[in-house]
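Note sheet for the following structure.
The values are calculated or read from the model by the stated rules, or taken from the named source; none is laboratory data. Just so you know, these numbers come straight off a predicted model, no measurement behind them. Quick reminder, even Gly has a Cβ in these numbers, built from the backbone with ideal geometry, and neighbours come from all protein chains shown. Keep in mind that these areas ignore ligands, DNA and RNA; they rest on the heavy atoms of the full protein, side chains included. Shrake-Rupley method; radii C 1.70, N 1.55, O 1.52, S 1.80 Å.
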Amino acid sequence: MLNSGKYLVVITGPTAVGKTAVAIQLAKIWNSEIISADSRQFYSEMTIGTAKPDQHQLDEVKHHFIGQLSIHDYYNVSRFETEALELLDKLFEKHNLVFMVGGSGLYIDAVCRGIDDFPDPEPEYRNYLKGIYIDEGLAKLQEMLVKLDPEYYATVDINNPNRLLRALEVCHVTGKKFSDQRLNSSKKRGFQIIKIGLNLPRPELFSRIGLRVDQMIENKLVEEVKSLLPFRHLNALNTVGYKEIFEYLDSKITLEQAIINIKTSTRRYAKRQLTWFHRTDEYKWFEPSQLNEITNYLTMVCK
RNA sequence: GGUGUCGUAGCUCAGUUGGUAGAGCAACGGACUGAAAAUCCGUGUGUCACUGGUUCAAUUCCAGUCGACACCA
């Protein structure tokens, strides 16, 4: 049943552009709620380094998917797709517009167009593959994949260990070729989707990134990271702002250098986000200050 | 003041037995369906400090100038 009066408004853009503030303003205007699509703000232990909305902002508008996980939990895009869709069903009972805000392009796409169904990975087998990668190198993984799934091998980036590992893992768990199951099809959703991108001229964005990193340090980022030191091997902590402070805590670099490195990594991350968002021309782009224009646009589009 | 070493990409440096130069990092561009703030790929952007000399040809050799550092006074 297609519910044409329901709209998911996606608000995205590079890190530090000012998505949170805009989303809160819009959600207040429509008296609605916010689904976060930020793969690092999920974790309750990571607050300062992920620039989560502060308590005041969280009190203004109901947010979902902020701090609902522990860094010790296993999570992935597919689960996010399922959980976000379940939640959207509920939210659309009360709201015509629901806002999804975040910078994790893959997670946004999973909600908007879906992701193919695969069984959950087996941790033991994943570790086994990782062991092979470490002991025998990339070439061994390539050799394994070309035998199991030559079609995928021909199209995949064979220098990217993550891609190879993933494909091998799926072949093993399902007993079928990865390429036969990777349909890359678009699923129909029971709501309309409106995509808004926020961006700023590069120098302005970069200066905001610098300021925000300085602010994180003032807000005691180092303390937060220090408390997570025992868990540094966890995937959640393979994150900009945390990696660099770990190096500082290891006395490999000075704090000053760590701060410079965080700014650099964040700029590069912002660029990667933009590359992802520009894959499609589905986004209508605004500057974060154009709240009136965005509001008018939404009013016009959401009938 | 004297002697020595150095001055090459945004940064750290390599190199050319004389034929106008290349690595890492940064920067810039891109890919990406269960790790995605992850992971991976591509691109060299240059008055080789300056001025003169030798030479067919100088970033390279020689002299001077300037600058940095070290040591000696």
Inset, instruction - Please report the relative contact order for chain A, taking Cα pairs under 8 Å with a sequence separation of at least 6, and give it as a percent rounded to a whole number. - result: 28
Inset, instruction - Give A:Lys226/A:Lys252; A:Lys147/A:Lys177; A:Lys6/A:Lys187; A:Lys130/A:Lys252; A:Lys52/A:Lys243; A:Lys28/A:Lys52 a once-over and call out the pairs whose C-alpha atoms are over 20 Å from each other. - result: A:Lys130/A:Lys252
Inset, instruction - Can you send over the solvent-accessible area of A:Met144, 1.4 Å probe, protein chains only, in Å² to the nearest 10? - result: 40
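Taking the solvent-accessible surface of protein heavy atoms with a 1.4 Å probe, what is the per residue accessible area of chain A in Å²?
Numbers: 15840 Å² over 303 residues.
Result: 52 Å² of accessible area for each residue.
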Inset, instruction - State the percent of C-alpha pairs, over all pairs in chain A, separated by a distance greater than 28 angstrom. - result: 46
Legend entry - Exposure of A:Thr280 as accessible area (Å², to 10), given a probe of 1.4 Å and all protein chains: 60
Inset, instruction - Name the long-range amide H neighbours of A:Lys195: under 5 Å, sequence gap of 5 or more, or other chain; modelled H, no Pro or chain starts. - result: A:Val10, A:Lys284
Legend entry - Net length gained if the chain between A:Ile134 and A:Thr82 were fully extended (0.36 nm per residue, minus Cα distance): 15.4 nm
Legend entry - Residue with peak Gaussian network fluctuation, chain A [Cα springs, cutoff 10 Å], from A:Val22, A:Val170, A:Val111: A:Val170
Legend entry - Eligible lysines near A:Lys284 by straight Cα distance, threshold 16 Å, same-chain separation 8 or greater: A:Lys19, A:Lys195
Inset, instruction - May I ask which residue of A:Gly175, A:Ala236, A:Gly137 lies farthest towards the positive end of the charge dipole of the stretch A:125-238, with charges of +1 (Lys, Arg) and -1 (Asp, Glu) on Cβ and the Cα centre as origin? - result: A:Gly175
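Over the stretch A:1-79, what percent of the accessible surface lies on carbon and sulfur atoms, probe 1.4 Å? Could you put the intermediate results ahead of the total?
Details: 1510 of 3190 Å².
Ligands and nucleic acids excluded, carbon and sulfur give 47 percent.
Find how much the distance from A:Glu124 to A:Gln55 grows on full extension, using 0.36 nm per residue of separation minus their present alpha carbon separation; answer in nm with one decimal.
Numbers: separation 69, 0.36 × 69 = 24.84 nm, distance 3.94 nm.
Value of the extension gain: 20.9 nm.
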Legend entry - For the stretch A:16-96: rounded, prolate or oblate by the Cα gyration tensor [a/c cutoff 1.5]: oblate
Inset, instruction - Among A:Ile24, A:Leu8, A:Thr50, flag the residue with its Cα farthest along the positive direction of the charge dipole of the stretch A:1-55, charges on Cβ as +1 for Lys/Arg and -1 for Asp/Glu. - result: A:Leu8
Legend entry - Full-extension gain in nm, A:Leu211 to A:Arg232, via 0.36 nm per residue minus C-alpha separation: 5.0 nm
Inset, instruction - May I ask for the net charge around A:Arg202, where only other residues with Cβ less than 13 Å from the Cβ of A:Arg202 are counted and Lys, Arg are +1 while Asp, Glu are -1? - result: +2
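Note down the magnitude of the dipole of chain A about its Cα centre, charges +1 on Lys and Arg C-beta and -1 on Asp and Glu C-beta and zero elsewhere, to the nearest 20 debye. Mind showing how you got there, number by number?
Details: 39 positive and 39 negative charges, 145 e Å.
For this selection, approximately 700 debye.
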Inset, instruction - Could you state how much accessible area A:Ile24 has, in square angstrom rounded to the nearest 10, with a 1.4 Å probe and all protein chains kept in place? - result: 0
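Roll a 1.4 angstrom probe over the protein heavy atoms and tell me the percent of accessible area of the stretch A:81-188 that is carbon or sulfur. Let's see the in-between values first.
Working: 2910 of 5970 Å².
In the stretch A:81-188, the share of accessible area belonging to carbon and sulfur is 49 percent.
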Legend entry - FRET efficiency, 1/(1 + (r/R0)^6) with R0 30 Å, evaluated for A:Arg268 and A:Ser289 via beta carbons: 0.75
Inset, instruction - Excluding A:Ser265 itself, calculate the net charge of residues whose Cβ lies under 12 Å from the Cβ of A:Ser265, where each Lys or Arg counts +1 and each Asp or Glu counts -1. - result: +4
